[in-house]
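Let me begin by presenting the structure, written as structure tokens, before commenting on it.
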Amino acid sequence: MAGVLSSLRYLLADVIGDDDEAPPFLPNGLPEGAAPIVSEGIHLLIDYQGPSYAGLYVQRLRRFVGRRGVDDVMFGEIARLMAMRMSYEDPIRIAQSKLAETEMASGAPNVQFADDVRKFRLDELIGALPAVVAEPALDALEWVGWLHMPVSIRFGNASRWGIRRLRIEAGLRRWRLFSVGYAK
């Protein structure tokens, strides 16, 4: 019972405001010039998934600090590429970005919002679901030959319904860590 409750608490953490982990610090011994790149990566990943995910980024970077054969330029490139790879663009991320755009423009008068239509493949959309649901669906889509079928999704922030839908989609970010796409 305790395991079920902790799983539900984690999945609903955005709703109840419970990613209370402190933002991670820069790792000790960073090469010269890498601090701005790593700091930018930390901020990106906090926005993308939360402080604990940014902590995973810092933990992974520590493996390269002071490693023989990894010079300052290479470390900076590793940090940049790792942050990009850990913040891959999926429908959840696009919804987060459109909501941020809406919030930034909410105080500005006469702002025109435009729908953003993105094309995905079915395997990309299904891959954003938890693996327990996604894997059978992906197998079925592959069996019928629809795995790479294109799908267009509209991300709109011009109406109340569009903003509500974006909030629901962005709220699914906790599921991302259980998805097939995350595992890849």
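The values are calculated or read from the model by the stated rules, or taken from the named source; none is laboratory data. A quick note: this is a predicted structure, and the numbers were derived from the prediction, not measured. Ideal geometry is used to build each Cβ from the backbone, glycine not excepted, and the neighbour counts take in all protein chains shown. Note: areas computed on protein heavy atoms with side chains; ligands, DNA, RNA excluded. Shrake-Rupley method; radii C 1.70, N 1.55, O 1.52, S 1.80 Å.
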The distance between the Cα centres of the range 151-166 and the range 18-93, in whole Å, is 31
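Tell me, what is the per residue accessible area of the chain in Å², probe radius 1.4 Å?
Working: 11720 Å² over 184 residues.
I get 64 Å² per residue for this part.
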If the chain between SER39 and ASP115 were fully extended at 0.36 nm per residue, the gain over the current Cα-Cα distance would be 24.2 nm
Between TYR88 and VAL133, the two model label points (7 Å from Cα along the beta-carbon direction) sit apart by a distance in nm of 1.8
Of every hundred units of 1.4 Å-probe accessible area on the chain, the number belonging to carbon and sulfur atoms, as a percent, is 59
To the nearest 10 degrees, the tilt of helix 131-144 (Cα long axis) against the first principal axis of the alpha carbons of the chain is 60
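Compute the relative contact order of the chain as a whole-number percentage, counting only Cα pairs closer than 8 Å that sit 6 or more residues apart in sequence.
On the way: 214 pairs, mean separation 41.9, N = 184.
That works out to 23 percent.
Is the range 122-181 rounded, prolate or oblate when judged by the Cα gyration tensor, a ≥ b ≥ c being the square roots of its eigenvalues, rounded requiring a/c under 1.5 and prolate requiring a/b larger than b/c? Don't skip to the answer; put the middle values down first.
Details: a/c = 3.65, a/b = 1.61, b/c = 2.27.
Oblate is the answer for the range 122-181, as a/c is 1.5 or above yet b/c matches or exceeds a/b.
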Under the helix-only model (-39500 (n - 2.57) for each DSSP H run of 4 or more, divided by the residues of the chain), the mean residue ellipticity at 222 nm, to 500 deg cm²/dmol, is -17000 deg cm²/dmol
For the range 135-184, the dipole about the Cα centre with charges only on Cβ (Lys and Arg +1, Asp and Glu -1), to the nearest 20 debye, works out at 540
Distance in nm between ASN28 and MET104 label points, each 7 Å along Cα→Cβ, equals 3.7
Shape call for the range 62-184, from the Cα gyration tensor axes a ≥ b ≥ c (a/c under 1.5 means rounded, otherwise prolate when a/b beats b/c, else oblate), comes out oblate
